[in-house]
Amino acid sequence: MNKQELVRLALEARAHSYVPYSHFRVGAALLTSSGKVYQGCNVENASYGGTICAERTAALRAVYEGEQRFSAIAVAGFPEDAPPEERGYAYPCGICRQFLREFALPGMKVYIARSEEEVIETTLEELLPMSFGPEHLQ
Ligand SMILES: [Zn+2]
């Protein structure tokens, strides 16, 4: 599973989004230490606060399947009908950064895509420096 394939799966996952309010579709593809990939999408809610992001949807699917070590995630988010030249890069929100931190392997890669070719590559440590994690509770 390479970066290109993970990005493709994140873009594909956008199609599953439930976004009747924002029309902002986000897809994620999460790679775990076993080599399996879990896709997720954002799911909105009429109460707004009940909305969940694509990254956490993917993480929850992985944890449910017994996967607790994350190697990389690709995220692709932009408005439903945005032409390629008008798409931005949607970085994971603060809640998702912390949620992923719980299961992140050192150096976990984060790919932010607005198309298959246009991808920003970073790490969870860069997005969430000096973070709090499970080891602090031991
Ligand atoms: Zn989020």
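Bear in mind that the values in this text are calculations on the coordinates, not laboratory data. Here the structure is a predicted model, which means the values were calculated and not measured. For neighbour counting, all protein chains shown are included, and Cβ atoms are generated from backbone atoms with ideal geometry for every residue, glycine included.
Counting beta carbons within 10 Å around each of Val63, Val75 and listing the fewest first gives the order Val63, Val75.
Rounded, prolate or oblate: which fits the chain when a ≥ b ≥ c are the square roots of the eigenvalues of the alpha-carbon gyration tensor, with rounded for a/c under 1.5 and prolate only if a/b beats b/c? It is prolate, given that a/c is not under 1.5 and a/b is the larger ratio. Neighbour counting of Cβ atoms within 10 Å sorts the residues Ile73, Ile112, Ile120, fewest neighbours leading, into Ile120, Ile112, Ile73.
The distance linking the range 8-64 with the range 86-138 is 14 Å (Cα centroid to Cα centroid, whole angstrom).
Normalised by the number of residues in the chain, the mean separation of alpha-carbon contacts (under 8 Å, six or more apart) gives a relative contact order of 22 percent. The helix-based estimate of mean residue ellipticity at 222 nm for the chain, built from -39,500 (n - 2.57) per DSSP H run of four or more residues and divided by its residue count, is -7000 deg cm²/dmol to the nearest 500.
Beta bridges per DSSP, both residues in the chain: antiparallel share near 75 percent. Ordering Gly133, Gln4, His16 by Cα displacement along the dipole of the range 3-137 toward the positive end leaves Gly133 in first place; charges were set at the Cβ atoms of Lys, Arg (+1) and Asp, Glu (-1).
Each of Tyr38, Tyr18, Tyr48 has some number of other Cβ atoms within 10 Å of its Cβ, and from fewest to most they run Tyr48, Tyr18, Tyr38. The GluC sites (Glu not before Pro) of the range 74-138 meeting both criteria, a DSSP state outside H, G, I, E and B (loop) and at most 15 other C-beta atoms within 10 angstrom of the site's C-beta, are Glu80, Glu102, Glu116, Glu117, Glu118.
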